[in-house]
Amino acid sequence: MSCGVLEETTVENVIEIAASAEKVFDFVVDVRNEPQWNPQLLQAEMLTPEPMGVGTRFRVRFGRGVGEPGSTPPASTSASTSFWPRPIGR
């Protein structure tokens, strides 16, 4: 049991996708695409200018399952990778 200390958690899953690694990476790393496959994420807005890369930031809003709709304040998240294969355009 934790006493108010945030612990880092890693979640990992594997699926096979009939697309190139580059195409899948481009789709997954753009948080604005996440509402297409995560019904808990209601909105994602990119806060930094294109192109996306290390340090790109997004403001996200979650709904049911992550607090009640309207009561969950916007959260901010950053793309955090030390490797970025190339600039990504939308």
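Read-outs throughout are calculated quantities, based only on the coordinates presented, and are distinct from any laboratory measurement. Predicted model, so just to flag it, every value in this text is computed and none were measured. Cβ coordinates were reconstructed from backbone atoms using ideal geometry, including for glycine residues, and neighbour counts include every protein chain displayed.
In this simple spin-label model, placing a label point 7 Å from the Cα along the Cα-to-Cβ direction at both Ile17 and Arg32 gives a separation of 1.7 nm.
Under 5 Å between amide hydrogens, built in the peptide plane, is the criterion, and for Thr56 it picks out Ala79 among residues at least 5 positions away or on other chains.
One chain, two ends: Glu50 and Glu7. Fully extended at 0.36 nm per residue, the span grows by 12.3 nm beyond their Cα-Cα distance. Distances between placed amide hydrogens fall under 5 Å for Asp30 paired with no residue 5 or more residues away or on another chain.
Among Phe25, Phe58, the order by Cβ neighbours within 10 angstrom, fewest to most, reads Phe25, Phe58.
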